[in-house]
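> Below is a structure I'd like to ask you about.
Each value in this text was obtained by applying a stated rule to the coordinates, not by laboratory testing. It should be emphasised that the depicted structure is a prediction, and the values quoted were computed from it without experimental measurement. FYI the Cβ positions are ideal-geometry reconstructions off the backbone, even for glycines, and counts take in every protein chain you see.
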Amino acid sequence: MSDKKRVSRRQFLNYTLTGVGGFMAAGMLAPMVRFAIDPVLQTKEGGEMHSVASVDEITNEPTRVEWTIDQVDGWYESEVQKTAWVYRNEKDEIVALSPICTHLGCTVDWASNEEYPNQFYCPCHGGRYTKDGVNVKGTPPTAPLPVYEHKVEEGMLYLGEAQSRKGA
Amino acid sequence: MRWKENDIKQYLPEKEYIDTLLIPLIPFDPASDQMMGKQAFQKEINQIFTSLIEKEYRGRIFLAPEYYYISGAAETEVSRVNSWINQFKKQPFMHVFLFTFDAKWKKHEDELTGKLLWVPAIQSGNIQSTETQSFVKEQAGQISELIQAYW
Ligand code: FES
């Protein structure tokens with residue numbers, strides 16, 4: 001009886017120690033594991049396309065379109081509002097730009113600064129982008145605005161994920 | 001930027017650019033049945049407000065952890081708020097704004113070392129209603145214009 005007890009105590013101790021050891025090992029592993037699974041933990045948008053606007057509303061003037069997606073972000077699932085600047089370029093192709101400034105993430109506006117009526121303007125540090133979303137040299141951003149993947153189906157514009165582009 | 005590990009990582013090397021601090025001041029009093037519902041609603045609206053502003057201007061505005069206090073005690077809170085601001089000023093913040101629905105702060109505005117952005121509270125209502133949403137969006141737009149006027 002007492003023997004059994006001792007064993008069980010030792011076992012308990014053993015478990016505990018393995019537990020602690022295991023825990024510590026996990027602690028040491030964590031950064032590596034994190035690296036390995038990072039893409040999973042990061043914001044996932046599932047690569048789905050969302051219908052955002054009817055194609056015949058799209059003109060040469062960039063307009064702001066908004067839609068919401070369900071975003072799974074590690075622990076949280078939430079509804080997130082997405083925004084794009086959408087217009088037709090000279091070749092009549094549809095362009096959809098992310099409004100997130102590539103400098104530090106503020107939201108840029110089209111033609112909001114009187115001095116630059118044909119550019120995207122960032123209110124935070126005066127970052128600017130030409131109509132095609134390319135950053136203007138000498139302003140803080142170092143890369144163009146990301147472009148959304150898009151497709152047109154039955155007269156509707158669908159947007160997917162925003163793809164970053166290389167610096168100008 | 002927010003008080004989140006990832007945001008802090010981005011903040012530290014670029015701190016000179018993020019020169020504006022926004023501290024939400026949120027009153028509560030769990031002793032009063034009557035106040036609880038109203039205050040909880042206002043806390044939610046306050047968070048929606050400051051999140052909207054942070055999202056648009058995250059490259060320049062740092063959203064501080066919320067400052068909670070027992071309602072009615074604004075005068076005794078002045079020094080505690082100021083001590084928060086003091087600590088934050090050890091980082092290169094140029095503009096400090098305090099955002100609240102609590103009118104009691106108005107009386108102590110001059111003693112505060114940050115700029116008070118007091119907005120009259122919306123009475124409780126459905127937070128999901130499009131009416132509330134468009135109202136909050138519009139007001140948030142105006143508040144950010146006000147902040148930009150200081151830049
Ligand atoms: S965040 Fe846009 S210029 Fe700095």
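> Kindly put B:Phe93, B:Phe101, B:Phe62, B:Phe135 in sequence by how many other C-beta atoms sit within 10 Å of each C-beta, fewest to most.
Neighbour counts put them in this order, fewest first: B:Phe135, B:Phe93, B:Phe101, B:Phe62.
> So which aspartates and glutamates pass the test for B:Lys38, namely a Cα distance under 20 Å, with those fewer than 8 places away in the same chain ruled out?
B:Asp29, B:Glu66, B:Asp102, B:Glu131
> List residues of region A:84-119, by number, whose backbone nitrogen lies under 15 Å from a label position 7 Å along Cα→C-beta of B:His95.
Residues A:106-107 fall inside that zone.
> Could you calculate the FRET efficiency of A:Ser78 with B:Ser129 from 1/(1 + (r/R0)^6), where r is the beta carbon distance between them and R0 is 22 Å, rounded to 0.05?
For A:Ser78 and B:Ser129, the calculated efficiency is 0.70.
> In addition: Within straight cross-link reach of B:Lys9, meaning Cα distance under 19 Å, which lysines are found once same-chain residues fewer than 8 apart are removed?
Straight-line reach from B:Lys9, under 19 Å: B:Lys55, B:Lys89, B:Lys90.
> Can you give me the C-alpha center-to-center distance between region A:112-136 and region B:36-108, rounded to a whole angstrom?
Between the Cα centre of region A:112-136 and that of region B:36-108, the gap is 31 Å.
> Just to confirm the filter: which GluC sites (Glu not before Pro) across region B:46-151 are DSSP coil and have at most 16 other Cβ within 10 angstrom of their Cβ?
Sites meeting the loop and neighbour criteria: B:Glu66.
> Round to the nearest 0.05 the FRET efficiency obtained for A:Thr59 and B:Ala149 when R0 = 41 Å and r is the Cβ-Cβ distance.
0.80
> Follow-up question, since we're still on this one. Pull up the cross-link candidates among the lysines for A:Lys137, meaning alpha carbon to alpha carbon under 16 Å and not fewer than 8 places away within one chain.
Straight-distance partners of A:Lys137: A:Lys166.
> Taking a ≥ b ≥ c as the square roots of the Cα gyration tensor eigenvalues, with a/c under 1.5 meaning rounded and otherwise prolate when a/b beats b/c, else oblate, which class fits region B:83-151?
It comes out prolate by the Cα gyration axes.
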